[in-house]
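The values are calculated or read from the model by the stated rules, or taken from the named source; none is laboratory data. Treat the numbers as computed from the prediction; the structure is a model and nothing was measured. Here the Cβ positions follow ideal geometry from the backbone for every residue, glycine too, while neighbour counts run over all protein chains shown.
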Amino acid sequence: MRSNPKSEIRIPQFDEAVKYLLSLGHETIAIKLGLANIKQLLAALGSPERAYPSVQIAGTNGKGSTAAMLENICRASGVRAGLYTSPHLVSITERIRINGRDITREAFARLTAHVRAVSSELETATGVLPTFFEQVTAIALLAFQAANIELAILETGLGGRLDATTAAYADMLAITPVALDHQEYLGHTLPEIAAEKAAIIRAGTMVVIAPQPDAAAREVILARCRECHVKPRFATNDISVLGSDETGRLRVTFKTAQDAYEDVHLSLRGRHQATNASVALALAENLRERGFTFTRAGIVAGLETAEHAGRLELHAGAPSLLFDGAHNAAGARALRDYLDEFVRVPLTLIFGAMRDKDLDEIATTLFPAAHKLILTRPTNPRAATLDALTKLISSQGINDETIIASSPAEALSVAEESTQPEGIICITGSLYLVGEIKSLIAHREQGLNPGD
């Protein structure tokens, strides 16, 4: 098998690269959990993951925000970092960031061609073609190697034990709060799910553990640490909230065993971001122990300027738009808490979700907050049908203000027409819905039709 066919293959255009990757199947339907294929693929590519140290972040909620904060701390401190997250909202290039910028379309297309060729050879040799997520993970790790990054930050896609990012063998880890999600893959109880996520912990690693809402899940994580002879480090819970701005950005003081970070103005909205910030802060302190040049000023600057699209992302307007994935019960609770505390104007809720989520609990949490409710179906094979969403209305006793929109485009149009200028339109229930509506808006701003 050729280990480097790069010079022998045609470089496709970006659209062709995306078309190829999508032909592998939807990442959460064609998923094949396991590390054998990704290990073979990375080995055939020359093991790019060995070219730099990595941080892997697992958990149910807060992984992406924590990763975004840590990446921004790196940028503020002059550390060249690569960030790999999923899913993307509008462009697949969002998944791979190098020194704060999305990978270019040209680089993504070139690396996709390389990974595609090696994956085809593996399929010939083994009969198994690496999946969408495995190939995109390989593309990210190659991109980081080519960019000579100093640190890779990897958000676990699903679970941990069998997720493709685990094949990078990061020696620094974090476990954010664990909650119920993806039960069909990870187990039906919190301890089972925690075990899947804690399995990324190995002998010789350093792990930061966020405060866990469930004591049994926390004990599972600690038991894994004991089994691997790893001494866990806990994100600080010495957190004082000093106040907030009118959009829900907190002012917080963090005290750790090493330092005090006073009156930090978090850039990401919501009270739950204080926990995510404490995990990012703990990772930064531990990376500093390993020689990375993180100062207090750099850490604070990183927390105060981090961005994470689609998570309580507010666009001021008439009406304003609030994007938040809230794709599971815990995420819905965080969004509802935010709405109750910070939204004091008429709220229109555009809701669409995946059929495998706890729709009843999410609806119970979110629907009563809406002055007007619009239900729709994202263009995704996993999406809950309009009939399924309609049944939620009767179970919640929702009034006749509810509107059923046949598409996200129609939902957005109806919301904009019926929401008062001083109101807020909140798009939620799924990051796929958030991405689809953000894409519609971007096309509109460019003067394009949705099909262009």
Of the residues in the stretch 124-170 that are modelled with pLDDT of 95 or more, acidic (Asp, Glu) and outside any strand (DSSP E or B), the one that is nearest to Ala43 (Cα to Cα) is Glu134
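Matching residues to (1) among the small types (Gly, Ala, Ser); (2) part of a loop (DSSP other than H, G, I, E, B); (3) outside the structural domain of Arg333 (by TED's automatic domain parsing):
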position	(1), (2), (3)
Ala174	yes, no, yes
Ala179	yes, yes, yes
Glu192	no, no, yes
Ile200	no, yes, yes
Ala203	yes, yes, yes
Val207	no, no, yes
Ala217	yes, no, yes
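Quick check: is even one residue across the stretch 371-384 surrounded by fewer than 18 Cβ atoms within 10 Å (Cβ to Cβ) and either of a type in the set (Asp, Glu) or in contact with a strand residue (DSSP E or B) (Cβ under 8 Å, 6 or more places away or on another chain) (or both)?
Scanning the stretch 371-384, I find at least one residue that is surrounded by fewer than 18 Cβ atoms within 10 Å (Cβ to Cβ) and either of a type in the set (Asp, Glu) or in contact with a strand residue (DSSP E or B) (Cβ under 8 Å, 6 or more places away or on another chain) (or both), so the answer is yes.
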Ala409 vs. criteria closer than 16 Å to Leu321 by Cα, in a helix (DSSP H, G or I), touching a residue at least 24 places away in the same chain (Cβ under 8 Å) and not charged (D, E, K, R)
yes
In the set Ile427, Ile437, the lone residue that is buried (at least 22 other Cβ atoms within 10 Å of the Cβ), at pLDDT 95 or above and not in a helix (DSSP H, G or I) is Ile427
Within 13 Å of Ala277 (Cα to Cα), surrounded by 14 or more Cβ atoms within 10 Å (Cβ to Cβ) and under 24 Å from the mean Cα position of the chain (by Cα) - does that describe any residue in the stretch 220-234?
yes
Check off (1) surrounded by 20 or more Cβ atoms within 10 Å (Cβ to Cβ); (2) β-branched (Val, Ile, Thr); (3) out of contact with any strand residue (DSSP E or B) (no Cβ under 7 Å at 6 or more places or on another chain) for Thr126 and give me the number that stays unchecked.
(1)
Here are the criteria: (1) surrounded by fewer than 20 Cβ atoms within 10 Å (Cβ to Cβ); (2) in contact (Cβ under 8 Å) with a residue 40 or more places away in the chain; (3) closer than 19 Å to Val118 by Cβ. Tell me which single one Arg50 does not satisfy.
(2)
Scanning the stretch 94-147 for residues that are on the phi < 0 side of the Ramachandran plot and in contact with a Lys or Arg (Cβ under 6 Å, 6 or more places away or on another chain) gives His114, Thr131
I'd like to check which strands (runs of 3 or more DSSP E) are fully inside the stretch 295-390 and have at least 1 residues that are of a type in the set (Ser, Thr, Tyr) and under 18 Å from Ser267 (Cβ atoms).
320-324
Meets criteria (assigned by TED's automatic domain parsing to the domain that holds Leu141, crowded, with 24+ Cβ neighbours inside 10 Å, at pLDDT below 95 and polar (S, T, N, Q)) for Asn72:
no
Quick one: which of Asp360, Asp324 is assigned by TED's automatic domain parsing to the domain that holds Ala405 and either hydroxyl-bearing (Ser, Thr, Tyr) or surrounded by 19 or more Cβ atoms within 10 Å (Cβ to Cβ) (or both)?
Asp324
Of all the residues that make up the stretch 217-258, how many are modelled with pLDDT under 95 and either of a type in the set (S, T, N, Q) or in contact with a helix residue (DSSP H, G or I) (Cβ under 6 Å, 6 or more places away or on another chain) (or both)?
3
With criteria (1) surrounded by fewer than 23 Cβ atoms within 10 Å (Cβ to Cβ); (2) over 21 Å from the mean Cα position of the chain (by Cα); (3) not assigned by TED's automatic domain parsing to the domain that holds Ile425, Ala318 comes up short on (3)
Residue ID - surrounded by the fewest Cβ atoms within 10 Å (Cβ to Cβ), chosen from residues in the stretch 415-424 that are among the charged types (D, E, K, R) and touching a residue at least 40 places away in the same chain (Cβ under 8 Å):
Glu422
State all residues of the stretch 223-252 that are β-branched (Val, Ile, Thr) and part of a loop (DSSP other than H, G, I, E, B); if no residue qualifies, say none.
Val230, Thr236, Thr247
